[in-house]
Amino acid sequence: MSMTSLCLQSQGVTTAFLTIYRQQGILGLWRGVSAAVPRVMVGSAAQLATFDSAKQLVKDQQWFSNDSWMVGLAGGMMSSVAVVITMTPFDVISTRLYNQPVDEVGK
């Protein structure tokens, strides 16, 4: 049973956490982390690799004055395209792992 369906059926997140813990133990609470960690690593790497270059491009094009907050915003928006492209496959995998049903022993 997925966390979302547990929350919808139970009285809240705390009850859902307790239900998962009782049924699957501590490992049940960490299900899906094997897909979430690479997702965050790839997204962070894409952002770190592209933000400064995008910000420099905005400065070089002189779309805004160099000391404007719009330079950082435009660079961040351009960088976010790379983040979305690299993270999407990992998002699909994470979502499928989180929502995958398990049996009584957590398999």
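Within segment 1-50, the residues that satisfy the criterion of being of a type in the set (D, E, K, R) and either farther than 24 Å from S80 by Cβ or at pLDDT below 80 (or both) are R22, R31. Within segment 66-103, the set of residues being part of a helix (DSSP H, G or I), open to solvent by 30 Å² or more (accessible area, probe 1.4 Å) and either under 19 Å from W30 (Cβ atoms) or among the hydroxyl-bearing types (S, T, Y) (or both) comprises S80, T86, T88, F90, D91, I93, T95, R96, L97, Y98, N99. Applying the criterion of being out of contact with any helix residue (DSSP H, G or I) (no Cβ under 7 Å at 6 or more places or on another chain) and among the β-branched types (V, I, T) to the residues of segment 46-101, the residue that is farthest from G32 (Cα to Cα) is V81. Scanning segment 10-65 for residues that are open to solvent by less than 80 Å² (accessible area, probe 1.4 Å), on the phi < 0 side of the Ramachandran plot, not hydrophobic (A, V, I, L, M, F, W, C) and not in a helix (DSSP H, G or I) yields S10, R31, S65.
The values are calculated or read from the model by the stated rules, or taken from the named source; none is laboratory data. Everything quoted here is computed from the prediction, not taken from an experiment. When we count neighbours, we look across all protein chains shown, and the Cβ atoms used for this are built from the backbone with ideal geometry, even at glycine. Areas reflect the complete protein model, heavy atoms only, side chains present, ligands, DNA and RNA absent. Shrake-Rupley method; radii C 1.70, N 1.55, O 1.52, S 1.80 Å.
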